[in-house]
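Take a look at the structure below.
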Amino acid sequence: MTLQAFREAARTVLDPVHDDYVAGGAGEERVLAANERAFARYSLLPRVLRGAEARDIAADLPGAPGASPVVVAPTAFHRLLHPDGERATARAAAAEGAVLVTGVASTTAVADVVAAARETAAEPAVWFQLYPHPCAEVTAALVRRAEDAGCSALVVTVDSPVFGRRTRDLRNGFSDLPPGYAAENMRGLPGTPPDVLTDIPMSPAIGWEEVTEILGVTSLPVLLKGVLHPADARLAADRGAAGLIVSNHGGRQCDAVPAAVDCLPAVAGAVAGRIPVLLDGGIRRGSDIAVGLALGAVAVGVGRPVAWGLAAGGESGVRQVLATLCDEYDHTLALCGGRSNADLTGDMVVREGLPW
Ligand SMILES: Cc1cc2nc3c(=O)[nH]c(=O)nc-3n(C[C@H](O)[C@H](O)[C@H](O)COP(=O)(O)O)c2cc1C
Ligand SMILES: CCCCC(=O)C(=O)O
C-alpha cells in the first residue's frame, strides 16, 4: 500500500469539483508538480553498522512534546470530503499521536474539533491556523476561540496576501460552499455578516505589525506558515515566532516559487536552531520525510494525502495515511542506520547535480 491508493480511492467518491479543489494548484500548476518532483532529486546516503534496532521517531514540537513527525497540515472544508468532516480527521490524528492543524476554514467549530480529538487521546495536540484579519478585533476573537477550545499553538499563514488563482476552481466556477456548509469559526465574529460564512478575507496590507499584535494577545506559541526566504525566517525568529513552516501552500499561491523542500536548507541555516522549522508540500512517502528531516526540518506537514484518506475512508482512512507514512519513515530511518530523527544529518542527503 502506498499513498497513491488513497488518491485513486478519493477520486472515485468525491464530487469532481471538490476533487479538483483539493488536488489543484495555482496557475499552470508548475509549483504543484515541482513540490513532488523535487523529492526525486534527493537521495539518502545511509550510515551503516550503527545499531539502530530501538528507534524513536517522536518529535518535540511547540505545544506538542513527543508528537509524530507527521503533522496534519491545515486544509479547508473537511465536511465536503466526508460527512464526519473535521471530527473524523481529529479523532484519527489524535489516535496516531499527530498534531492536527485545524483552522479558520474548518467546516466544524474549533471547540468541536478539539472535543473530537479528546475522544481518542487524553491530551491531543491541536493547533489553530488563521490568516491575519484586516480587523485586529476579529483576529483577536479567533485567537480567543482557539485558546478557549484548548489549542496548544497558533499557525499564522503568511503566504496569502491575496488568494491564489486556482485554475481548476475558476474553470469549475467553485467559489462558494454548498448550502449547509460554512467556515464555522467565522460565525458571529465582530463585524462579520452571519450570511458570509466563507468570506475569509486576505489582505495585502498585512505586515509584521499584525503578527506582533497576535503575539501580544496570546501566550500560545505562534508559528508562521509559508516562509520561503531566509531573510524572512530571520525576521520571524527575531520577532518572537515559536516556529516556521517552510511551505508554498502546496503550490496553491504563487506559481513561480521553488519547490518547498528546495527552500528548506537556506531557511534552516538562517534560523540556525533558534526556532524549529517544519516543511510541507509534496510529502508522499516515508523517504520524503527522511529527506526533510535530514535537511533541517523537525517535522513535516501533509495536506492532500490526509484529505484523500478522509474522502476514501473517513477516520480510518486518515489513520491509515498517517500510519503508512510513519511506518515507511521508520523503515527508512532503520535503513539509514538512525535511531532517532536527529541521526539524519545533512551529510546524509545528496542532491542530484550537486556535490555533497
Ligand atoms: C484543499 C486544501 C486546502 C487548504 N487549506 C489551507 C488553509 O485553510 N490554510 C492554510 O494555511 N493552508 C491550507 N492549505 C495548504 C496546506 O496547509 C499545505 O501547505 C499543503 O497542502 C501542503 O502540500 P501537500 O498537499 O502537497 O501536502 C490547503 C491545501 C489544500 C490542498
Ligand atoms: C479561504 C479558505 C482558504 C483555503 C486555502 O487556503 C486553500 O484552499 O488553499
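Only the coordinates and a few stated rules stand behind these numbers; no lab work does. As the structure is a prediction and not an experimental result, all values here were calculated from the model. Here Cβ is always computed from backbone atoms with ideal geometry, including for glycine, and neighbour counts include all displayed protein chains.
For this structure, a couple of remarks:
- Remark: Arg171, Arg284 ranked as Arg171, Arg284, counting other beta-carbon atoms within 10 Å and listing the fewest first.
- For Ile57, Ile283, Ile206, order by how many other beta-carbon atoms lie within 10 Å, fewest first: Ile206, Ile57, Ile283
- In the elastic network of the chain, a GNM with C-alpha springs shorter than 10 Å, the most mobile of Gly25, Gly216, Gly296 is Gly216.
- Comparing Ala312, Gly337, Val31 along the charge dipole axis of the chain, the residue lying farthest to the positive side is Gly337, per the Cβ-charge model.
- Taking the helices alone, the chain has a mean residue ellipticity at 222 nm of -12500 deg cm²/dmol, built from -39,500 (n - 2.57) per DSSP H run of at least 4 residues and averaged over all its residues.
- Placing unit charges on the Cβ atoms only, positive for Lys and Arg and negative for Asp and Glu, gives the chain a dipole magnitude near 580 debye about its Cα centre.
- Close amide-amide hydrogen proximity is noted between Val71 and Val300, Gly301, Val302, each under 5 Å apart and 5 or more residues distant or on a separate chain (H modeled in the peptide plane; Pro and chain starts excluded).
- DSSP bridge analysis restricted to the chain gives an antiparallel fraction near 20%, rounded to the nearest 5.
- Across the range 172-186, rounded Karplus estimates of 3J(HN,Hα) from the backbone phi angles (6.51 cos²θ - 1.76 cosθ + 1.60, θ = phi - 60°) give 7, x, 8, 10, 10, 6, x, x, x, 10, 8, 7, 4, 6, 8 Hz, Gly and Pro being marked x.
- Interchain or long-range residues, amide H under 5 Å from Gln253's placed H: Ala26
- Cβ-based charge dipole, the chain, positive-most Cα from Ser203, Gln253, Thr218: Gln253
- Residues of the chain were split at every exposed loop site, defined as GluC sites (Glu not before Pro) in a DSSP loop with at most 15 other C-beta atoms within 10 angstrom, and the longest piece left, sites excluded, is 120-351.
- Least to most buried among Arg339, Arg304 (fewest other Cβ within 10 Å first): Arg339, Arg304
- Residue with peak Gaussian network fluctuation, the chain [Cα springs, cutoff 10 Å], from Ser43, Ser175, Ser160: Ser175
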